[in-house]
Amino acid sequence: ALSASPEIEDVKVKTESDSTVNIYVIKKGGVIPEAGHEVLQTVKDTLSNKSARPLTDKIEVKAPAAKNITLTATYYISSNDISKLTEIQSRANEAAQDYKLWQTEKIGRDINPDELKKMVLNAGAARIDITAPVFTVVGDAEVAQITAVNLTYGGTIDV
């Protein structure tokens with residue numbers, strides 16, 4: 001399924017008791033393909049080849065369900081790093097976008113704000129207060145979708 005199209009980022013396979021094989025597909029950038037999208041049909045065509053699956057299996061290619069979340073956080077830098085403010089702000093914003101990709105390009109990946117915290121701290125922040133998201137278990141047929149990113153610089157702190 002992954003090799004069916006270069007547009008595909010991740011695939012999750014779930015087998016049901018009635019020999020139905022559900023294939024969930026997400027495109028690069030965490031984009032959920034709409035019903036009838038050509039990438040879903042391409043995967044189905046690829047897997048319909050008799051050499052690619054047992055004859056008794058029924059293949060269903062689907063898009064995962066969206067688990068919509070927002071990212072809302074305030075970060076602070078050390079007063080000792082004020083001369084690097086612009087650089088740290090740029091890296092913190094880049095870290096938020098990296099987190100968005102990390103979180104949304106994997107089907108079934110739990111929503112984990114600790115990963116965001118790690119990325120923003122590694123970008124040079126001294127502290128980050130995350131309001132949203134909170135840790136949330138994501139089902140096998142779901143994918144997190146970040147609908148808004150609100151990362152705010154909150155000033156300096158003494159560390």
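The values are calculated or read from the model by the stated rules, or taken from the named source; none is laboratory data. None of the values given here were measured: they were computed from a predicted structure. Here Cβ is always computed from backbone atoms with ideal geometry, including for glycine, and neighbour counts include all displayed protein chains. In case anyone asks, the SASA skips ligands and DNA or RNA and just uses the protein heavy atoms, side chains included. Shrake-Rupley method; radii C 1.70, N 1.55, O 1.52, S 1.80 Å.
Here's how it looks for D10: its modeled amide H is under 5 Å from those of I26, which are all 5 or more places away or on a different chain. Taking amide H as placed 1.01 Å from N in the peptide plane, E142 has its amide H under 5 Å from the amide H of A65, G108, each at least 5 places away in sequence or on another chain. Which option, (1) -0.47, -0.79; (2) -0.44, -0.99; (3) -0.28, -0.66, is the value of log10 I(q)/I(0) by the Debye sum over Cα atoms at q = 0.10, 0.15 Å⁻¹ that was calculated from these coordinates? Entry (1). Once backbone amide H atoms are built at 1.01 Å from N, R127 has Y76 as its partners under 5 Å, excluding neighbours fewer than 5 places away on the same chain. Net charge in the neighbourhood of A35 (other residues with Cβ under 15 Å of its Cβ; Lys, Arg +1, Asp, Glu -1) is 0. Look at the dipole of segment 46-159 built from charges on Cβ: of A126, Q97, V159, the Cα furthest out on the positive end belongs to Q97.
Within segment 64-159, DSSP assigns beta bridges of which about 30% are antiparallel (rounded to the nearest 5). Helical runs assigned H by DSSP (4 residues or longer) give the chain a calculated mean residue ellipticity at 222 nm of -8500 deg cm²/dmol, each run adding -39500 (n - 2.57) before division by the residue total. Across the chain, C-alpha contacts under 8 Å between residues 6 or more apart give a mean separation that, scaled by the residue count, equals a relative contact order of 29 percent. Considering only protein heavy atoms and a probe of 1.4 Å, how much of the accessible area of the chain is carbon and sulfur, as a whole percent? The computed percentage sits at 47. Straight Cα distances below 23 angstrom link K14 to the lysines K27, K28, K44, K50, K58, K62, K67, K106, with same-chain residues fewer than 8 positions distant left out.
So what is the accessible area of the chain per residue, in Å², with the probe set to 1.4 Å?
Counting only protein heavy atoms, the per-residue value for the chain is 54 Å².
In this simple spin-label model, placing a label point 7 Å from the Cα along the Cα-to-Cβ direction at both K14 and K118 gives a separation of 2.7 nm.
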